[in-house]
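Note sheet for the following structure.
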Amino acid sequence: MKLQVPFVQLPLSFDAARLRSEIDALGESVWRPHPQGFAGNSALPLISVNGDPQSDSISGPMRPTPHLDACPYLRQVLASLGAVWGRSRLMRLSGHAEVPRHADLAYYWRDRVRVHVPIQTQPTVRFQCADAEVNMAEGECWIFDTWAPHRVINANPDQRIHLVADTVGSEVFWQHASGGQVAGRPVSGWRPQRVPYVASNAPELIFESENLGNVMTPWELREHLNFILTEAMPVPQLGAIHQLCSRFNATWLGLWARFGASEAGWPAYRAALDPFNVEMQRLGEGMLMRNGMRFLGAFRAMIVQAALTDQGAGGLVVKGDYDPDAFATSTAAATQAAPGRTPATHAVDAMPRFDRPVIIISPPRSGSTLLFETLARARNVFTVGDESHVQIEGMPELHPANHNFDSNALGAELALESVVARLRGRFFEALRDRDGRPPAAGAVRLLEKTPKNALRIPFLRKVFPDAHFIYLHRDPREVLSSMMEAWTSGRFRTYPKLPGWSGPDWSLLLVPGWRELIGKPLPQIVARQWQTTMRILLDDLAMGPRDHVHAIHYDALLDDPDREMRRLCAELGFEWDLSLENNLPRSRHTVSAPEKEKWRRHEREIASVWDSVAETCERADAMFAQASKR
């Protein structure tokens, strides 16, 4: 449903911990993968056609699945909103995954609002809609403009779970909405009402029984045609399209007067709809909507697929709620369609311009987050805000699942022209400067940091041919100790269900040859992880232009951050206009307080594996010495 604002928080809040306990009790087997296979997206059906937990249909009587019946507080949450419920699910987004940018074009969502109740989430999860962005906190209740392009980014290793419920509303529901708070417009004294779990409460819910008929009435057809025509960007042929739609609506009205929804009239309706569709395809080619979507994508979803359902015995099924083909494919066209908005995609011949992107390279736990957060404070430097797992692994062809989970390494052979174009566009969409502003026109100075990139240097050189790399050097004993601490903390689980792995949940980057570590003790796992990463990054950095490799020592950064930032920015061409104190704030990924000689907590474990990493340590020292001679 199109709303007047991107986000509204409803004046209700819920017990997220109670909801999580009900969901956990359902087990893993009831979750379904995304119908289109989007990495990291899965769902648990709560309300579906005839209560069938295997159905993705949006036409037919909506009823509770056995999963909803097993969750009494979930029922109370839905009942408190007082709405008539349509298809509703729990939607799960795994760590470092995203809900791709899309708009809900289908007929079903034209008159339905989508309710979100976060059940498990983190402050770093970003929900973007149109030009707005919010973090929906656990237990809150939100609605948003589903007609506008929207996207969710989970730049965090932990999963995100939302209750996502569709409804046409009700008098009670819209009273809740009218008492809501618009995102970005705080109301003094506004506070949502807490809805607690009540053991004795077993509310009856109201469900849709009618949603998509076999034949759309001429009055509803006129309403939907007028809507998409109003939302269309002005083009010379728009007048002819208005006339064509008016004639078609008159034809449909005549057929309705004769047949109504009777099956006897279906062939006549089909005989009118098909040539109308063909002519609209001809006239509407290349047209865009005000929300940046293709006009014909909206026309097909809202009119062609819904006006007559004579060819679908099982009801209309939306295979996922995303229609990436509906987006504009040229930067210029998308900008024209939605002035001021970030284009959804970028064509190969209209890719955003990156000027000497800067990529920090190091093994994990080397202090790269501190360096990144400090360097990102430079003027006119743009970042995606955190690590780029979403931008890179959010593309299925670059996710390790598409490569048998062999590793996080990406070779130059994967940098096909289409992949490069899409990846550069995904980076560009997310970029913000130190003040939270997106890039303006012209070339962009990108700063990127993700430890997995140590395994991707040849690929990144194809994506960003003029890239510069900062090699961050740190005492290997400190890095090995911090990596062991990360594994045992449980905060850095990148692949908690890694196929074939029988050890502790896999943490940090996935290195080639990891299967040889099955059954090994943690010190050996970490030593191989560090040694393999270092060997690959040293080999790959040596293959590129020497003047594109810069170096900084972690200790030097701590000892005199202002001096090191000025030196690095001078080398990189960044604009540094700040003065830094010697005590930098802790980075967001700090596990325990820094202290001198902290690595000695793991001194015995490090000594047991030192022989296996000693040669690589010498190579790392030599690389730092060489790169420091500028």
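The values are calculated or read from the model by the stated rules, or taken from the named source; none is laboratory data. Keep in mind that this is a model prediction, so the values were computed, not measured. Note that we place each Cβ from the backbone using ideal geometry, even for glycine, and neighbour counts take in every protein chain shown.
Quick notes on this one:
- Test: residue in segment 181-196 that is among the hydroxyl-bearing types (Ser, Thr, Tyr) and surrounded by 13 or more Cβ atoms within 10 Å (Cβ to Cβ): no
- Sub-7 Å Cβ pairs linking a first residue in segment 263-275 that is of a type outside the set (Phe, Trp, Tyr) to a second residue that is modelled with pLDDT under 95 and surrounded by fewer than 17 Cβ atoms within 10 Å (Cβ to Cβ), at least 6 apart or interchain, are Arg270/Asp310, ordered by first then second residue.
- Qualifying residue in segment 569-580 (condition: part of a helix (DSSP H, G or I), of a type in the set (D, E, K, R) and under 32 Å from the mean Cα position of the chain (by Cα)): no
- Among the residues making up segment 6-28, those that are part of a loop (DSSP other than H, G, I, E, B) and either in contact with a strand residue (DSSP E or B) (Cβ under 8 Å, 6 or more places away or on another chain) or modelled with pLDDT of 95 or more (or both) are Pro6, Leu10, Pro11, Asp15.
- Flag if Leu370 is of a type in the set (A, V, I, L, M) and either at pLDDT 55 or above or outside the structural domain of Asn226 (by TED's automatic domain parsing) (or both): yes
- Filter result for Val358 (surrounded by 23 or more Cβ atoms within 10 Å (Cβ to Cβ), at pLDDT 85 or above and not assigned by TED's automatic domain parsing to the domain that holds Val125): yes
- Of all residues in segment 491-505, exactly one satisfies the criterion of being of a type in the set (Lys, Arg) and more than 16 Å from Asn154 (Cβ to Cβ), namely Lys497.
- Filter pass, Pro234 being outside any helix (DSSP H, G or I) and modelled with pLDDT under 95: yes
- Checking each residue of segment 59-74 against the condition of being of a type in the set (S, T, N, Q) and under 24 Å from the mean Cα position of the chain (by Cα) gives no match.
- Taking the criterion of being part of a loop (DSSP other than H, G, I, E, B) and either in contact (Cβ under 8 Å) with a residue 12 or more places away in the chain or surrounded by 15 or more Cβ atoms within 10 Å (Cβ to Cβ) (or both), the residues of segment 543-568 that qualify are Met543, Gly544, Asp560.
- Any hit, segment 211-218, residues being surrounded by fewer than 17 Cβ atoms within 10 Å (Cβ to Cβ) and at pLDDT below 95: yes
- Pairs with Cβ under 8 Å, 6+ apart, first in segment 22-35 and assigned by TED's automatic domain parsing to the domain that holds Ile47, second among the acidic types (Asp, Glu): Pro35/Asp56
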